[in-house]
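Below is one structure, written out as structure tokens, with a few remarks after it.
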Amino acid sequence: SRMAAMEAARHLLIESGPQAVTLKAVAGRIGRTHANLLHHFGSAAGLQKALAAHLAQAVCATIKDAVRANRDGTGKPRKVVDLAFDAFDAEGAGALAGWMLLTGNEDALDPIVETIHHLVDEIAPEEAAAHGGDVMRVHEDTLTLVLLALGDALMGAQLAKSLNLPRVAARDRAEDML
């Protein structure tokens with residue numbers, strides 16, 4: 001039930017935005033009762049926190065593989081950039097993060113932050129060994145990449161258009177950084 005709820009919540013997020021991720025809507029999607037989801041998540045905020053954790057874990061696992069492929073010479077930095085930007089934009093993590101902040105549910109961002117932190121702790125020594133020993137560089141690049149992806153998801157299209165830049169300008173800068 002929990003995994004079905006996570007997938008239904010993810011689809012609602014992508015289709016209709018974070019305000020659509022309610023216990024009632026998710027319950028309706030998976031043929032369960034509101035009470036059943038209340039048992040699993042406690043509240044709509046709990047559901048959103050679980051969704052944030054689910055998205056972060058899935059994306060970070062994919063990014064870890066892309067980083068390692070890049071290091072091995074079988075991947076490209078752009079793949080890492082696109083995964084991060086798509087997670088916040090097309091997959092709805094940016095809208096979800098913004099919604100949670102606006103509704104006072106800041107602690108729901110903790111799973112995202114913790115998952116990214118664990119990813120960096122795992123790959124930083126490997127990346128540092130492959131690129132001159134600078135572990136903090138991996139931390140700085142991660143911070144910059146995540147903030148660029150989040151900002152791009154929230155207002156990148158409008159800002160790029162107003163500045164007469166291609167829509168992919170922020171992705172291009174992130175790729176150059178990596």
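For the pair Leu154 and Asp65, what calculated FRET efficiency results from E = 1/(1 + (r/R0)^6), where r is the Cβ-Cβ distance and R0 = 30 Å, to the nearest 0.05?
0.65
Just to be sure I understand the model, the point goes 7 Å from the Cα along the line to the Cβ. What's the resulting Arg2 to Thr74 distance in nm?
Distance between the two pseudo-spin positions: 3.2 nm.
Straight-line reach from Lys79: which aspartates and glutamates have Cα under 18 Å away, leaving out those fewer than 8 places along the same chain?
Lys79 reaches Asp65, Asp89, Glu91, Glu127, Asp141, Asp152, Asp172, Glu175, Asp176.
At a 1.4 Å probe, what is the % contribution of carbon and sulfur to the accessible area of the chain?
C and S fraction of accessible area: 58 percent.
Per DSSP H run of n ≥ 4, the term is -39500 (n - 2.57); total these for the chain, divide by its residue number, and report the mean residue ellipticity at 222 nm rounded to 500 deg cm²/dmol.
It lands at -26000 deg cm²/dmol.
Which residue fluctuates the most in the chain, going by a Gaussian network model with Cα springs under 10 Å, if the choices are Asp86, Asp152, Asp107?
It is Asp107.
Between (i) 1.00; (ii) 1.10; (iii) 1.06, which entry matches Cα Rg over 2.2 N^0.38 Å as derived from the coordinates of this structure?
The calculated read-out lines up with (ii).
Test of understanding: in a Gaussian network model of the chain with alpha carbons linked when under 10 Å, which of Leu143, Leu165, Leu154 would top the mean-square fluctuation ranking?
Highest fluctuation among the options: Leu165.
Hey, quick one: spin label on Ala129, modelled 7 Å out along Cα-Cβ, who in the range 41-84 has an amide N within reach, i.e. under 14 Å?
68, 71-72
Normalised by the number of residues in the range 59-178, what is the relative contact order in percent for Cα pairs under 8 Å and 6+ residues apart?
Over the range 59-178, the number comes to 30 percent.
For the range 1-49 and the range 81-116, compute the distance between their C-alpha centroids and round to whole Å.
Value for the Cα centre distance between the two parts: 16 Å.
What's the local net charge at Leu101, with K and R +1, D and E -1, over the other residues with C-beta under 14 Å away?
-2
Cα to Cα, under 18 Å, and not fewer than 8 places away if on the same chain: which lysines meet these conditions relative to Lys24?
Lys49
Quick one: net charge around Phe41, please, counting Lys, Arg +1 and Asp, Glu -1 for every other residue with C-beta under 15 Å from its C-beta.
Around Phe41, the charge tally is +4.
The values are calculated or read from the model by the stated rules, or taken from the named source; none is laboratory data. Keep in mind that what you see is a predicted model, and the values were worked out from it rather than measured. Methodologically, a virtual Cβ is constructed for each residue, glycine included, from the backbone with ideal geometry; neighbour enumeration extends over all protein chains shown. Keep in mind that these areas ignore ligands, DNA and RNA; they rest on the heavy atoms of the full protein, side chains included. Shrake-Rupley method; radii C 1.70, N 1.55, O 1.52, S 1.80 Å.
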